[in-house]
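The values are calculated or read from the model by the stated rules, or taken from the named source; none is laboratory data. On a predicted model such as this, the values are computed, not experimentally measured, just so you know. Methodologically, a virtual Cβ is constructed for each residue, glycine included, from the backbone with ideal geometry; neighbour enumeration extends over all protein chains shown. The accessibility values were calculated without ligands, DNA or RNA, using every heavy atom of the protein model including side chains. Shrake-Rupley method; radii C 1.70, N 1.55, O 1.52, S 1.80 Å.
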Amino acid sequence: QVALLRFGAVDYRADVFVNGQSAGSHEGGYLPFEIDVTSLLRAGDNQIAVRVVDPGAKPKNLVAGLNEAEIPHGKQDWYVQTSGLWQSVELDYRPHVRLGSVRVSAAIEGHVEITVPVVRTEATDATRASVEVRDPAGKVVWQGVHDVASDENNAKLSGAVPNPNLWSPASPTLYELRVTLSSGDSTVIHFGFRSLTTHEGKFLLNGKPIYLRGALDQDFYPDTGYTPPSLDYLRDEMRKAKALGLNLLRCHIKVPDPRYLEAADEIGLLVWYEIPNWDKLTTESQRRARETLRGMVERDANHPSIIIVSIINEGWGATLKNAADRVWLKAAYLDAKTFVPWLVVDNSPCCDNFHMATDIADFHQY
């Protein structure tokens, strides 16, 4: 077995030690990471220590090579500075052949495409990936197998579920994907059959026009700051949003706790979310923005609730009067369109800034 120390998110850079020895490091305050600590564990009690470096907003200083102006931080400098382990931590024992981040794409006609990454920590023979799709009642509606060769890193399976019930705010129907490897590793993922497109100035959900009525959600909490109090708290919040007549929340310049998206999937609330903003456009902030967006897609692509992602908001982190910044923004949008499964907004503008290339021509009027 492999012992993996898994972190939901640590803001901002984490250095991890197990029994006084360095186990690994991670940079980025919003996305999950895991460290193989198998060789560092011992029988009985073990000590885990995490040193967190976060340059902070006041003053905007340089700490251990990190400049706050160049790192994604969202509205922490508006409300409350967040630092440390703000999502879950767990020690997970997995086989030497294990699953990576499974991806499922589900079309409203019932076609499913499933990508099963296989991670190996030692040389092994071929392994078999078995897949089941179950409807909300628990009935198996499609299944498949794929033999993954010893030098193969992904299993790709596709099939069709007859007459699927579609996910929408009015009927948030979730299906269950179960993936099992012959090594014994397994995972369960919930997903929905839905499409979101645009046509002639309209949003089409599952091929039918939908009027988006949303609210800006800062995703801060009175007693816990960046961390949601509980999944039930989020469910209650989203039920209240729907009772107000909303069908969308825009999670503002933050990658939320995964429970936020889980609740939105269950309750039937659409989500527009955004890369947390930085302050100054540099080579480093550009790199971090792209890495963050790729991490958001890897973590969240299976959620039917997400429909839109923004690269920047109101020009924050860029000066669009500068030609170089405009060139970057357009290139960032075009790059995002190669891997992001949602609608993409380049810059959600107001005042004297604007779009360069976008799926939605929005504008903020104050």
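Based on DSSP H runs of at least 4 residues, each adding -39500 (n - 2.57), what is the mean residue ellipticity at 222 nm of the chain after dividing by all its residues, to the nearest 500 deg cm²/dmol?
-5000 deg cm²/dmol
Taking only the alpha carbons of the stretch 81-189, what extent do you get along each of the three principal axes, in Å, biggest first?
Per principal axis, max minus min of the Cα coordinates gives 48, 44, 20 Å.
Just by accessible area at a 1.4 angstrom probe, what is the order of Glu152, Glu200 from largest to smallest?
Putting Glu152, Glu200 in descending order of accessible area: Glu200, Glu152.
May I ask you to derive the relative contact order of the stretch 1-124, considering only C-alpha pairs under 8 Å and at least 6 residues apart, and to give it as an integer percent?
Once divided by the residue count of the stretch 1-124, the mean separation gives 28 percent.
Could you work out the Rg to Rh ratio of the stretch 31-109, with Rh taken as the Kirkwood radius (inverse of the mean 1/r over all Cα pairs)?
1.10
Sketch the reach of a paramagnetic label on Val145 as a point 7 Å from Cα along Cα-to-Cβ, and name the residues of the stretch 169-183 whose backbone nitrogen lies under 14 Å away.
So the set is 180-183.
Would you grab the residues whose amide H sits under 5 Å from the one on Ala23? Only those 5+ places off in sequence or on another chain, please, with H modelled 1.01 Å from N.
Val16, Phe17, Val18
Return the percentage of antiparallel bridges among DSSP beta bridges fully within the stretch 226-366, rounded to the nearest 5 %.
Of all bridge pairs located within the stretch 226-366, approximately 0 percent are antiparallel.
What trypsin sites (Lys or Arg not before Pro) in the stretch 158-258 are in a loop by DSSP, with at most 16 other Cβ atoms within 10 Å of the Cβ?
Arg213
Step through the residues of the stretch 355-366 one at a time and calculate ³J(HN,Hα) from phi using the Karplus curve (6.51 cos²θ - 1.76 cosθ + 1.60, θ = phi - 60°), rounding each to whole Hz and writing x for Gly and Pro.
Per-residue couplings from phi come out as 8, 10, 7, 7, 8, 9, 8, 8, 7, 9, 10, 9 Hz.
Need one number: convex hull volume per residue for the stretch 205-248, Cα atoms only, in Å³.
Measuring per residue, one finds 96 Å³ for the Cα hull of the stretch 205-248.
What base-10 log of the normalised intensity I(q)/I(0) is obtained for the stretch 1-50 from the Debye formula, alpha carbons as equal point scatterers, at q = 0.16, 0.22, 0.26 Å⁻¹?
Cα-only, vacuum Debye calculation for the stretch 1-50: -0.43, -0.77, -0.99.
In terms of the Cα gyration tensor, with a ≥ b ≥ c the square roots of its eigenvalues, is the stretch 1-152 rounded because a/c is under 1.5, prolate because a/b exceeds b/c, or oblate?
Since a/c reaches 1.5 but b/c is at least a/b, the shape of the stretch 1-152 is classed as oblate.
How big is D for the stretch 240-366, in µm² s⁻¹ as a whole number, if Stokes-Einstein is applied with the Kirkwood radius of its Cα pairs at 25 °C and 0.890 mPa s?
Once the numbers are plugged in, D ends up at 163 µm²/s.
At what distance in angstrom do the alpha carbon centres of the stretch 203-266 and the stretch 160-180 lie from each other?
If you average the Cα positions of each part, the centres end up 20 Å apart.
When the Karplus curve 6.51 cos²θ - 1.76 cosθ + 1.60 is applied with θ = phi - 60°, which whole-Hz ³J(HN,Hα) does each residue of the stretch 239-256 get, with x for Gly and Pro?
Residue by residue, the stretch 239-256 yields 4, 5, 4, 5, 5, 6, x, 7, 10, 8, 10, 9, 6, 7, 5, 8, 8, x Hz.
I'd like the distance separating the alpha-carbon centroids of the stretch 2-29 and the stretch 303-356, in whole Å.
With the stretch 2-29 and the stretch 303-356 each reduced to a Cα centre, they are spaced 31 Å.
Please state the relative contact order of the chain as a whole percent: Cα pairs under 8 Å, 6+ residues apart?
13 percent
Based on the alpha carbons, how large is the Rg to Rh ratio for the chain when Rh follows Kirkwood?
Answer for the chain: 0.97.
I'd like to check one number: the per residue accessible area of the chain, probe 1.4 Å, reported in Å² as a whole number.
Value returned for the chain: 46 Å² of accessible area per residue.
About the Cα centre of the chain, how large is the charge dipole given +1 on each Lys and Arg Cβ and -1 on each Asp and Glu Cβ? Please answer in debye to the nearest 20.
Around 520 debye, computed over the chain.
Give me the three principal axis extents of the stretch 188-300 from the C-alpha atoms, as integers in angstrom, largest value leading.
Computed over the Cα atoms, the extents are 41, 41, 31 Å.
Could you sort Lys208, Lys337 by their accessible area in this structure, using a 1.4 Å probe and putting the largest first?
Largest to smallest exposure gives the sequence Lys208, Lys337.
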